[in-house]
Amino acid sequence: MNASDAQNLTSQFDTWLNSHQSLVSNQLQHSALFAVPRDGDSSVSGQNTIGAGKNAQTESAQGKKLDDAISAGNHSEIVRLLTESTGNAVSSILGLAQSRTGWNPLDPDNDKNAEGFQEFVSSILKVPFFNVTQSERTTVHYEEENYNSLIDKVVGLYDGITEQDVPLIKNSIVNLAKACTSRVNTQNTKTLFVQNTMNATGTDIVVGIQQTFMMMERSHSSGKGAPKDQYKTEITVNVMELTFKGGLWNESAAEKLADKFVKSWDDWLDGTTTPASPSADQIQFCFGPAHRARQKQEADAIK
């Protein structure tokens, strides 16, 4: 793309900032991926958001400078940081998109979350600096008691993550599943949660949105010699990746964003992670021996 293309993107971005509902994008077809299934007794909408990639710490440090500039009311410094730090530009764009919807991952019991999340996805699909680089749905059936395999399958749906990021994503999915399942029943349950990753490896920021529906069916038998409860789980995972075209991001677009809405890298990560309820620690997952041993070591270390 040449300079005129970048200028055209900036003009479209200005429209998104001020009248996003009037924008039409051929990428909107991907929003159908996140339609909420109707089966199940309950729905919980939670999210865990993590920063990944070799430049994640740099974006976090820039975000702290951005927070300082916001506190000082230093508009020119805010514009400079949003221009240079595409990660903080992306977190601000995502924050603005969320603020326009009824989706609030900090309030997972909000009955507007599922619809609000779809609105959030539709909004960011209209951002002209984003390109959809992956969009797919995978369904797996699981009837084992060892959930390590399940977590591995979910993590395996991510493309392009580094080895050092895998344990971080695994841990965040486990924590999020605890936060969500602690709020629902165990019979014929639909649990919705979202794993959001902002991958910073260069000026192009890859936003990964992984939405998971967990359909759990419990069968219970009573009486002498009756088998213990049996669980069947169907996991549907919708994955979408959007790549922010950092090479075309410019000071004019950053200034327009600064005038409208600003949210730093860490503020977005912290503000879109569902907290665990008080009962979350009581939720027991059927992990393998290695995981249980690690849990015991962590518990012993706290004592």
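The values are calculated or read from the model by the stated rules, or taken from the named source; none is laboratory data. Keep in mind that what you see is a predicted model, and the values were worked out from it rather than measured. Reconstructed Cβ throughout: ideal geometry from the backbone, glycine too, with neighbour counts over all protein chains shown.
A few comments on the model shown:
- Hits in segment 245-277 (condition: surrounded by fewer than 18 Cβ atoms within 10 Å (Cβ to Cβ) and aromatic (F, W, Y)): F261
- Segment 88-126 - residue that is touching a Lys or Arg at 6+ places or on another chain (Cβ under 9 Å) and outside any helix (DSSP H, G or I) and, of those, nearest to G271 (Cα to Cα): N104
- Selection within segment 66-104 - farther than 30 Å from F193 by Cα and surrounded by 18 or more Cβ atoms within 10 Å (Cβ to Cβ): A69, I70, I78, V79, R80, L81, T83
- Residue list for segment 33-58, filter: assigned to a helix (DSSP H, G or I), modelled with pLDDT of 85 or more and not hydroxyl-bearing (S, T, Y): A56, Q57
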